[in-house]
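Worksheet: one structure, shown below.
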Amino acid sequence: MRTFFFILLLIGAGLAFVYPWAARSVEGREIGSWQLYDVATGFHPVEVPLDTVESPVRVRIDLTAVVPPDAEARPVLTLTVSGGGRTLLAEALNVGRAQVRDDSPQTPHRIYAIDVGPMDVPDDGTYAVTAGPGEVEGVEIAGVDLVMHAGIAAYDERAQPVGLSIAAIGFIGLVIAMRRAAGRKTAGDTKQQQPRWGRGGAA
């Protein structure tokens, strides 16, 4: 039983931690990148051709900017993807969980790679992508780039809570099985250590 519960614990941990990490980390094939903002023209929409075979598509925004440290948890950008009479994505983006790197030693700007997440593509066609400023004032934006990847793993949000439940069952079962095994060993040792009187056996 200990082996069974140990395997259950591993399966649960895989669903709860390894699977979400893999689904969010593997970017797949790059479809392309498009500039949504530059200093000369400001924000401008772009049209992106997408196919259903590329679905789900991972959407990432590379924001080159100076963001006040106390504003990292508030929206600095808005992003909308629409096409075919429907809105596929509408997000307010902050840089609190972005991957950050310096733009260059000569400028104070930093590049914030914001993972917007996977997006389903319902039909083949051209989709309009629009970015705009968020609610944070004092953000010095030098550039906003859209990057899309295809061939990513679709992430099921239900996997993590299910995995945690399986891992908990496996852990509890493993602890109980180990305690029972330890109890049987202790009982066996006690029986073997009983005092013996005379030649024939215990009194």
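The values are calculated or read from the model by the stated rules, or taken from the named source; none is laboratory data. What you see is a predicted model; the values in this text were computed from it and never measured. Cβ: placed from backbone, ideal geometry, glycine included. Neighbour counts: every protein chain shown. Side chains are part of the model used for accessible areas, which takes the heavy atoms of the whole protein and leaves out ligands, DNA and RNA. Shrake-Rupley method; radii C 1.70, N 1.55, O 1.52, S 1.80 Å.
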- Note on the structure: Checking V67, V129 in turn, the sole residue that is surrounded by 13 or more Cβ atoms within 10 Å (Cβ to Cβ), out of contact with any Gly (no Cβ under 6 Å at 6 or more places or on another chain) and within 25 Å of R29 (Cβ to Cβ) turns out to be V129
- Message: Return the residues of region 88-126 that are out of contact with any strand residue (DSSP E or B) (no Cβ under 6 Å at 6 or more places or on another chain) and within 21 Å of V53 (Cα to Cα); say none if nothing qualifies.
- Response: G117, D120, P122, D123, D124
- Message: For region 94-111, give me each residue that is free of Cβ contacts under 8 Å to residues at least 24 places away in the same chain and part of a loop (DSSP other than H, G, I, E, B).
- Response: R97, S104, P105, Q106
- Which of the residues belonging to region 75-93 are assigned to a strand (DSSP E or B) and either open to solvent by less than 30 Å² (accessible area, probe 1.4 Å) or under 12 Å from P122 (Cβ atoms) (or both)? L77, L79, V81, S82, G83, R86, T87, L88, L89, L93
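For every residue, the table says whether it meets (1) out of contact with any Ser or Thr (no Cβ under 8 Å at 6 or more places or on another chain); (2) within 17 Å of V144 (Cβ to Cβ); (3) assigned to a loop (DSSP other than H, G, I, E, B); (4) of a type in the set (G, A, S).
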residue: I31; (1), (2), (3), (4): yes, no, no, no
residue: V48; (1), (2), (3), (4): no, yes, no, no
residue: D70; (1), (2), (3), (4): yes, no, no, no
residue: A73; (1), (2), (3), (4): yes, no, yes, yes
- Message: It is to be established whether one or more residues within region 171-187 are at pLDDT below 60 and either under 14 Å from F5 (Cα atoms) or surrounded by 10 or more Cβ atoms within 10 Å (Cβ to Cβ) (or both).
- Response: yes
- Note on the structure: Checked against (1) over 14 Å from P56 (Cα atoms); (2) modelled with pLDDT of 90 or more, P122 satisfies every condition except (1)
- Query: Can you tell which of I114, I141 is of a type in the set (A, V, I, L, M, F, W, C), surrounded by 13 or more Cβ atoms within 10 Å (Cβ to Cβ), assigned to a strand (DSSP E or B) and in contact with a Lys or Arg (Cβ under 7 Å, 6 or more places away or on another chain)?
  - Reply: I114
- Look at region 117-138 and say how many of its residues are more than 14 Å from L77 (Cβ to Cβ), in a strand (DSSP E or B) and of a type outside the set (F, W, Y). 6
